[in-house]
Amino acid sequence: MRASLLCVATLAASRAHAAEKTEKTCEEPPVEPWPTCGDWCASRDPSTKCAIDQAVHECAANDYFCTTTCGLWNASVVQARDPDVEASLSCDAFVRMAGYALGAEVCADDCLLAEIKPNRYPAPLGFGLMCAPGTCDPAAQSRYAGTEKARSEGLAVLLCPCNWFGADCPDDWVRVERIVGKEVHGDLQRIVLGVEEADAWRKIVGSHRPGGVVRVQTRSASTWGARPVEQPYALAAVGEVGEIELLSSPPDARYHATVTEAARRVRALPVGPVVGEPLFINPSIAGFFNREYAYLMDVLAEEQPRDVLIVATGAGLAGARSAIDALLREGKHRVHLYYGLRDARDLPYRDELAAWGDVR
């Protein structure tokens, strides 16, 4: 039997769906459109569906992005119009990118990393993620509580705890005490962060999946309310207790300065104790998944392929390394790595790659 092959680069199998032609014996009744969202939502079940009022927020011209629920409409619009109420957004809605705060606008292009631009994440309304006007700050943040941002500017208070990209909840922060090691490989930096307590380290790596991401954060004086700016990194290795290994590429100068501030600071820190503004790291989240949002190891357990193909470039080798380590521990698959970078002399993880097999 021919061995199956799974490509981690997309982790998504293309499925062809055959369309069957059927004869209609009677005319189907027209589908009634959802009622336009409004103040009436305040007295309805939160799951009641309604159509976005485009006089309030423009949405892409399709049912998916122009259909919402009364619960989200109340949280995003109705509460924001009440001067005695602070609009709030649950962590679940934040993770689903479902909120559309009344006072928010679509984030400027230089506010969004390539991984979260509208062509990949058009939510919530079809045009991309939403920010506080004129800034790269998310439209929902916990620090807006008790301020004019939530009382009169129509932004939302993010309900904590919430460990997700862009969240400013400090509940899961673990302080980075030192830079344990740093190697330079051309434009790439192999960086090992150190945390003091074993329990804190386990908190970071305890739920890690291959391809999982940690967020390194530092408070910034250049943002409103000293917002913590963050840089997401694929966790490269779960090694010695107390150590977190990352692979950093140079920040793209086309992004807004606040988007790359954390990355620039991490790359500039010397080996030794972290001095100045504290540096924090959050527990690993997400991981390699496919179009059905099934994670790599779960897919492999179900499909049982003999061969796994991993494709990576640049700093993407960090997530690939995490996956390879997990796969080799299982010992059930033949792993094929295809990795590209500008200059082979700058190859990181040379010793590890040699241990995995031939390096070419």
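The values are calculated or read from the model by the stated rules, or taken from the named source; none is laboratory data. Since the model is a prediction, treat every value here as computed from it, not as a measurement. As a convention, Cβ positions derive from the backbone with ideal geometry for all residues, glycine included, and neighbour counts pool all protein chains shown. When the accessible area is computed, the model is the full protein with side chains, heavy atoms only, and any ligands, DNA or RNA have been set aside. Shrake-Rupley method; radii C 1.70, N 1.55, O 1.52, S 1.80 Å.
Taking every DSSP beta bridge that has both residues in the chain, what percent is antiparallel when rounded to the nearest 5? Before the final figure, lay out each step's value.
On the way: 36 of 50 bridges.
Beta bridges within the chain, antiparallel portion: roughly 70 percent.
Separation of region 122-173 from region 178-215 is 26 Å, based on Cα centroids.
Would you mind getting me the FRET efficiency between Ala301 and Ala257? Use the beta-carbon distance for r and R0 = 35 Å, nearest 0.05.
On the way: r = 43 Å, r/R0 = 1.24.
After rounding, the FRET efficiency stands at 0.20.
Estimated translational diffusion coefficient (Stokes-Einstein, Kirkwood radius over Cα pairs, 20 °C, 1.002 mPa s) of the chain: 94 µm² per second. Using a cutoff of 8 angstrom between alpha carbon atoms and counting only pairs six or more residues apart, the relative contact order for region 271-337 works out to 29 percent. An oblate overall shape is assigned to region 62-149, the ratio a/c of its alpha-carbon gyration tensor axes (a ≥ b ≥ c) being 1.5 or greater and a/b not exceeding b/c. Using C-alpha pairs under 8 Å with a sequence gap of at least 6, the mean separation divided by the residue count of the chain gives a relative contact order of 16 percent.
With each label modelled as a point 7 angstrom along the Cα→C-beta vector, the Ala355-Arg329 pair spans 1.3 nm.
When the pairs Lys203/Lys332; Lys117/Lys149; Lys149/Lys182; Lys49/Lys203 are compared against a 31 Å limit on Cα-Cα distance, Lys149/Lys182; Lys49/Lys203 fall above it.
Roughly how compact is region 165-281, stated as its Cα Rg over 2.2 N^0.38 Å to two decimals? Don't jump to the answer; show the numbers that get you there.
Details: Rg = 13.5 Å, N = 117, 2.2 N^0.38 = 13.4 Å.
Expressed relative to 2.2 N^0.38 Å, the Cα Rg reads 1.01.
In percent, rounded to a whole number, the relative contact order of region 122-245 is 17, using alpha-carbon pairs under 8 Å and six or more apart.
Taken along the Cα-to-beta-carbon direction at a fixed 7 Å, the label points for Asp109 and Thr147 span 2.9 nm. Ranking Asp109, Asp137, Asp325 by solvent-accessible area of protein heavy atoms (1.4 Å probe, all protein chains present), from largest to smallest, gives Asp109, Asp325, Asp137. Residues in the chain average 54 Å² of solvent-accessible surface per residue, probe 1.4 Å, ligands and nucleic acids excluded.
What does the charge count around Pro283 come to, taking other residues whose C-beta lies under 11 Å from its C-beta (Lys +1, Arg +1, Asp -1, Glu -1)? Taking every other residue near Pro283 into account, the sum is +1.
Sort region 90-137 into rounded, prolate or oblate with this rule: let a ≥ b ≥ c be the square roots of the eigenvalues of the Cα gyration tensor; rounded if a/c is under 1.5, and if a/c is not under 1.5, prolate when a/b is larger than b/c, oblate otherwise.
oblate
Dividing the C-alpha radius of gyration of region 106-234 by 2.2 N^0.38 Å, with N its residue count, gives 1.19.
Treating only the Cβ atoms of Lys and Arg (+1) and Asp and Glu (-1) as charged, compute the dipole magnitude of the chain about its Cα centre; round to the nearest 20 debye.
Numbers: 37 positive and 49 negative charges, 210 e Å.
Here the chain has a charge dipole of around 1000 debye.
How would you classify region 222-293 from its alpha-carbon gyration tensor, with a ≥ b ≥ c the square roots of the eigenvalues: rounded for a/c under 1.5, else prolate if a/b is greater than b/c, otherwise oblate? Spell out each step's value before the answer.
Values: a/c = 1.74, a/b = 1.17, b/c = 1.49.
Here region 222-293 falls in the oblate category.
Note on the chain: helix-only mean residue ellipticity at 222 nm, from DSSP H runs of 4+ residues weighted -39500 (n - 2.57) and normalised by residue number, equals -4500 deg cm²/dmol.
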